[in-house]
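For reference, the structure is listed below as structure tokens.
The values are calculated or read from the model by the stated rules, or taken from the named source; none is laboratory data. All values reported here derive from a predicted model rather than from experimental measurement. Note that each Cβ is placed from the backbone with ideal geometry, even for glycine, and that neighbours are counted across all protein chains shown. Please note that ligands, DNA and RNA were not included when accessible areas were found on the heavy atoms of the full protein model with its side chains. Shrake-Rupley method; radii C 1.70, N 1.55, O 1.52, S 1.80 Å.
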Amino acid sequence: MLKLVCPYCGIEADETELVSGGEAHLKREGPDSTDDDFEGYLFLRENPKGIILERWRHAMGCGKWFHVARCTVTQEVFGTYPAQTLKPPPRIMEVIKSRRTGQETGLNSDNAEKFS
Amino acid sequence: MAKATVGSTPKLNLLDDVGMILFRGDLKSKTLQDAIVEVTGVKVPVRGKISTEDQTSIAWMSPDELLLFVPLERVGELIEDLNHKMGEEDTLIWDISDLRSVFEIEGNFIREVLAKNTPIDLNKDKMRKGTFRRTRFGQIAVAFWFESETKWFMICRRSEAEYAQQLFEVSSKPGEIPSVF
């Protein structure tokens, strides 16, 4: 069972009080984008074995969206942060770096930019 | 294994004289905090809490939302006053008395009955007096707070009130409540 601290309420919410919103920090492709970019924005999602940044909604609570950094292998949660940001804040990155090194981070060239 | 409790079980009663006002705005704003205190006589609660004076309570719902519990007959007048006091500031003040139901729960073993249907930590050091906890009860979104160990309150959407009542009844049958807290 996943338990996440809602950054707005400050309470530890159970998975059943939350709704998952999929991958975080997507870049929206507008009318001027190529078909390939637009398809990627709409449909193509990462499914990493390792660290993932996700959107969650505190549905049975304040109703706000927030972001989570967690690991899909160990179910470890690195932290949660408000949704009004384009990339994870430094404090989240520090936690990830303190617990993972090199290969273990699960970062590849596709998603590395999100974390930098 | 916890032993089953004996004796009376808690009862759930629908309160039909509670007026509710939804208040959305910037909770950090001085105008808002002053307006709330002047009109209701109750201070804006801090995160996750409910503050009460006399017959009026104010609950913290989210970073931009409060819920005011007031006597039903005063709702119209209070909304007018609040709107007046807020002036040009961006707010939504709305009478939701008919959209939510408030229940009073009275009796012993309330924590035990609620714990059967909600994922939150109901231990006495976590769920304290003054805490306003939004969560789920069975399958519906609710919020809990209490006045004393034997008198709790719960709100839910009015359309889901019947579900809440039936679920509570089933969960509070005599002889089926384990003594935990």
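What the table below lists for this structure:
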| read-out | value |
| --- | --- |
| Scope region B:104-124; condition closer than 14 Å to residue B:146 by Cβ and either without any contact (Cβ under 8 Å) to a residue 12 or more places away in the chain or in contact with a helix residue (DSSP H, G or I) (Cβ under 7 Å, 6 or more places away or on another chain) (or both); matching residues | B:113, B:122 |
| Residue in region A:4-18 that is among the aliphatic types (A, V, I, L, M), within 14 Å of another protein chain (Cβ to nearest Cβ) and more than 17 Å from the chain's Cα centre (by Cα) present | yes |
| Among (1) surrounded by fewer than 19 Cβ atoms within 10 Å (Cβ to Cβ); (2) in contact (Cβ under 8 Å) with a residue 60 or more places away in the chain, the one test that residue B:12 misses | (1) |
| Matching residues in region B:27-39 - criterion: being of a type outside the set (A, V, I, L, M, F, W, C) and either under 13 Å from residue B:88 (Cβ atoms) or assigned to a strand (DSSP E or B) (or both) | B:29, B:31 |
| Residues that are surrounded by 19 or more Cβ atoms within 10 Å (Cβ to Cβ) and either in contact (Cβ under 8 Å) with a residue 60 or more places away in the chain or in a loop (DSSP other than H, G, I, E, B) (or both), drawn from region B:166-181 | B:168, B:172, B:177 |
| Test set (1) surrounded by 17 or more Cβ atoms within 10 Å (Cβ to Cβ); (2) assigned to a loop (DSSP other than H, G, I, E, B) - residue B:143 fails condition number | (2) |
| In region A:72-84, residue nearest to the chain's Cα centre (by Cα) [restricted to those that are open to solvent by 40 Å² or more (accessible area, probe 1.4 Å) and more than 17 Å from residue A:58 (Cβ to Cβ)] | A:72 |
| Out of A:74, A:80, sole residue that is outside any helix (DSSP H, G or I) and farther than 23 Å from residue B:62 by Cβ | A:74 |
| Flag for residue A:48 being over 30 Å from residue B:121 (Cα atoms), away from chain B (no Cβ under 11 Å) and surrounded by 14 or more Cβ atoms within 10 Å (Cβ to Cβ) | yes |
| Among residues of region A:6-37, those that are acidic (Asp, Glu), surrounded by 14 or more Cβ atoms within 10 Å (Cβ to Cβ) and in a loop (DSSP other than H, G, I, E, B), counted | 1 |
| Residue in region B:53-75 that is within 20 Å of residue B:158 (Cβ to Cβ), over 12 Å from the mean Cα position of the chain (by Cα), surrounded by fewer than 18 Cβ atoms within 10 Å (Cβ to Cβ) and of a type in the set (A, V, I, L, M) present | yes |
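Per-residue answers, yes or no, for (1) at pLDDT 95 or above; (2) within 14 Å of chain A (Cβ to nearest Cβ); (3) open to solvent by 20 Å² or more (accessible area, probe 1.4 Å):
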| site | (1), (2), (3) |
| --- | --- |
| B:77 | yes, no, yes |
| B:82 | yes, no, no |
| B:89 | no, no, yes |
| B:118 | yes, yes, no |
| B:134 | yes, yes, yes |
| B:151 | yes, no, yes |
| B:164 | yes, yes, no |
